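Heads up, the thing below is written out as structure tokens.
The values are calculated or read from the model by the stated rules, or taken from the named source; none is laboratory data. Note that this is a predicted model, so its numbers are computed, not measured. When we count neighbours, we look across all protein chains shown, and the Cβ atoms used for this are built from the backbone with ideal geometry, even at glycine. In case anyone asks, the SASA skips ligands and DNA or RNA and just uses the protein heavy atoms, side chains included. Shrake-Rupley method; radii C 1.70, N 1.55, O 1.52, S 1.80 Å.
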Amino acid sequence: MDKIFTKKNVFLTIPIVLFSIAIVLMLSIGVTKCDTYVLNLLQGIRTSNYTLISLIVTNFCSPLVLLAIILIMLIAFKNKKIGLFASLNIVCGLIINQIIKFAVARQRPISYMMIDESGYSFPSAHSMIAMIFYGFLIYILFLTIKKKWLRNLVVVLIALLIPCISFTRIYLGVHYPSDIFCGLLFGYIYLVIYITIIKKYMFKNWLIDNSVI
């Protein structure tokens with residue numbers, strides 16, 4: 001019994017419960033007043049500058065950017081498993097995201113969309129991938145950067161990128177806020193489970209101190 005209430009279990013159980021509640025509410029209520037209120041609010045403050053910034057930030061989850069970061073990881077880290085597991089992380093996350101999308105089949109907020117996006121809306125792939133990919137990157141850099149000040153700076157900057165990417169999806173009108181919230185929530189759940197499963201294979205017979213060139 002004493003192992004049931006460990007920090008890891010609590011930090012994983014709470015998001016699972018919240019995600020489950022959100023799914024039930026979404027399936028029973030659909031688009032909430034909160035969803036439309038936020039979209040209407042953001043629609044009223046759109047400017048060309050905000051839109052340009054949003055388009056730039058949202059592309060941090062584009063295939064080209066993610067591929068470029070993975071290539072950098074394959075070059076920078078002596079342990080090539082890190083880059084391979086980062087790739088597997090995205091592939092598995094996208095597959096799970098698409099399964100949920102087709103299972104829920106929620107339409108996008110078409111009347112609010114500023115850019116063309118296809119497919120279903122729930123959960124947001126951008127917010128989910130931002131969480132699982134950049135969250136994984138944070139985990140790796142936290143282990144490999146020796147200088148504390150540099151490690152903290154890099155971790156904070158990347159951590160800020162996750163909500164920023166997610167916010168752009170609402171601003172650009174391609175997702176409801178609940179799509180974003182659940183995407184981040186499920187991305188976190190997936191990330192904790194993924195790291196727990198693969199870390200023993202990724203770090204087997206390998207010294208963290210020798211990981212960065």
Rounded to whole Å², per residue accessible area for region 32-95 with a 1.4 Å probe reads 60 Å²
Could you please report the charge total around MET73, scoring K, R as +1 and D, E as -1 over all other residues with beta-carbon less than 14 angstrom from its beta-carbon? +3
